[in-house]
Amino acid sequence: MAKDELSSLNAMDFLKLSSIRKKKFKKASDTPIPAEYPANALARRLHPVRQSVKVSQIIEHGTDCRTYVLECNSDKGTDELAYFAAGKYITVFLDIDGMPVTRAYSLSSSPKQSLQGKYAITVKYVQNGLASRYILDNWEVGSEVEVSAPEGSFEYVALRDAKTVLCIAGGSGITPFLSMAQAISDGDEDFNMILLYGSRTADSILFKDEFNALAKKCSKIRTVYVLSHEQKDGYEHGFISKELIEKYAPSEAYSVFLCGPQVMYDFVDKELEAIGIEPKFIRHELYGEIHDASSQSDYPGNAPQSVKITVHIMDETKTVEGNPNDTIMQILEKNGIAVPSRCRSGECGWCHSYLKSGKVYAPKKLEHRRKADLKFGYIHPCCTFPLSNLEIEVPYCR
Ligand code: FES
């Protein structure tokens, strides 16, 4: 309807709208609506739900950590990989003895490499880590794998972030920073990176040669290695403390990006608070999946030894049993029920499900639900633990 037609309507004229509309429909072309608009095809190309890739190279880092280079699997219809902003992660879809399992891994490759049909992820063995053990034991060159499109919000945004970013990494949390450093060197990102990278010993530093080469080539990248269990010339010793941050931080305003284990976040967050850096200038990569409800500081306890969960998924209803120390998602997966998931840390909202009845606990640090979700009983099963028998509605898994 034209603007002047609309503005000439008063409230009562609104009643005439349907007859006006009917006339318009009559006049409209009877050319059928296309099955797909070009914009939809483009969106699917840029944001595919799943991509099939093949392991093309494996790079060893000691005995318990490997980088997997993944390339397009054209045999399964993937002829190109989705582009991304440095800092994103992909979710890997696994089938472990009939159990559907997903894990998010940060991309260590550059955005430029994705245009050449390549991604790289680094997998480190996590104690009792189901997915990491499976990948390290089973993936070989030629293995076919399904992954999501790149996701997440751990990226540099010029409008929001300062021109210099203090990047704080711990262990295998270095991977998104390698992607960012390559993007800076390639001219795809424009910020100054000061990297404080904490490792136990000099031998456990990942991608040291790559970072040294990038720092040599590009004056916007500076690296500082911090060893907690070794003293060595040319390295800082100890933890990434307030004093160390202040020693290397620029005099002008800066942002802080963190990626590493939970224990590093707990420690460094306090140091940043002591420096007086406002939370809005600090960005954390995903907290990672949590496994043990009872080890969380705000766990209320009082859960029974075992719980029953009745799940409505599409047209099916199933009741399964599990350990309340596991998240709802872990219980469902252990019973062969796939739940849509990406981050497994409460951030992406893919697993958003309706709690029909029962009591649950979600750790405060992983609480990213909207107010409306809290009010109307929606939960994120990836980071929510049962405190009683439950009944939930779960979306169909894509
Ligand atoms: S998988 Fe991302 S919020 Fe649950």
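Table for the structure above
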{"quantity": "Test: E347 is among the acidic types (D, E) and in contact with a His (Cβ under 6 Å, 6 or more places away or on another chain)", "calculated": "yes"}
{"quantity": "Residues of segment 234-263 satisfying the condition of being of a type in the set (D, E) and at pLDDT 95 or above", "calculated": "E236, E243, E246"}
{"quantity": "Strands (runs of 3 or more DSSP E) contained in segment 98-198 and holding at least 3 residues aliphatic (A, V, I, L, M)", "calculated": "99-106, 118-124, 164-170"}
{"quantity": "Some residue of segment 334-343 being loosely packed, with under 15 Cβ neighbours inside 10 Å and free of Cβ contacts under 8 Å to residues at least 24 places away in the same chain", "calculated": "no"}
{"quantity": "Failed criterion for Y265 (all others in (1) in contact with a His (Cβ under 9 Å, 6 or more places away or on another chain); (2) within 27 Å of K118 (Cα to Cα) hold)", "calculated": "(2)"}
{"quantity": "Residue ID - farthest from the ligand (Cβ to nearest atom), chosen from residues in segment 323-332 that are in contact with an Asp or Glu (Cβ under 9 Å, 6 or more places away or on another chain) and open to solvent by less than 10 Å² (accessible area, probe 1.4 Å)", "calculated": "I331"}
{"quantity": "Options L15, L42, L9, L46: the member that is surrounded by 10 or more Cβ atoms within 10 Å (Cβ to Cβ) and modelled with pLDDT under 80", "calculated": "L9"}
{"quantity": "Boolean, I309 is touching a strand residue (DSSP E or B) at 6+ places or on another chain (Cβ under 8 Å), modelled with pLDDT of 95 or more and in the same structural domain as L196 (by TED's automatic domain parsing)", "calculated": "no"}
{"quantity": "Hits in segment 308-334 (condition: under 20 Å from L130 (Cβ atoms) and among the hydrophobic types (A, V, I, L, M, F, W, C))", "calculated": "I309, V320, I328, M329, I331, L332"}
{"quantity": "Test: residue in segment 386-397 that is free of Cβ contacts under 8 Å to residues at least 24 places away in the same chain, more than 9 Å from the ligand (Cβ to nearest atom) and either in contact with a helix residue (DSSP H, G or I) (Cβ under 8 Å, 6 or more places away or on another chain) or of a type in the set (A, V, I, L, M) (or both)", "calculated": "no"}
{"quantity": "Unmet criterion (only one of (1) open to solvent by 30 Å² or more (accessible area, probe 1.4 Å); (2) in contact with a Gly (Cβ under 8 Å, 6 or more places away or on another chain)) for I309", "calculated": "(1)"}
{"quantity": "Odd one out for Q182 among (1) open to solvent by 10 Å² or more (accessible area, probe 1.4 Å); (2) within 23 Å of L244 (Cα to Cα); (3) of a type outside the set (A, V, I, L, M, F, W, C)", "calculated": "(2)"}
{"quantity": "Residue in segment 80-90 that is nearest to Q182 (Cα to Cα), counting only those that are surrounded by fewer than 24 Cβ atoms within 10 Å (Cβ to Cβ) and out of contact with any Gly (no Cβ under 8 Å at 6 or more places or on another chain)", "calculated": "A85"}
{"quantity": "All positions within segment 359-398 that are buried (at least 19 other Cβ atoms within 10 Å of the Cβ) and either small (G, A, S) or touching a Gly at 6+ places or on another chain (Cβ under 7 Å) (or both)", "calculated": "A362, L366, H380, C382, C383, P386, L390"}
{"quantity": "The listed residue being on the phi > 0 side of the Ramachandran plot and not hydroxyl-bearing (S, T, Y), out of F191, F154, F207", "calculated": "F207"}
{"quantity": "Criterion violated by G98 - all others in (1) away from the ligand (no atom under 16 Å from the Cβ); (2) within 16 Å of the chain's Cα centre (by Cα); (3) assigned by TED's automatic domain parsing to the domain that holds T67; (4) over 20 Å from V69 (Cα atoms) satisfied", "calculated": "(2)"}
{"quantity": "Positions within segment 334-363 being more than 11 Å from the ligand (Cβ to nearest atom) and within 20 Å of Y299 (Cβ to Cβ), in sequence order", "calculated": "L355, G358, K359, V360, Y361, P363"}
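The values are calculated or read from the model by the stated rules, or taken from the named source; none is laboratory data. Fair warning: this is a prediction, and the values are worked out from it, not measured in the lab. Every residue, glycine as well, gets a Cβ built from its backbone with ideal geometry; the counts of neighbours run over all protein chains shown. To get the accessible areas, we keep the full protein, side chains included, count just its heavy atoms, and leave off ligands, DNA and RNA. Shrake-Rupley method; radii C 1.70, N 1.55, O 1.52, S 1.80 Å.
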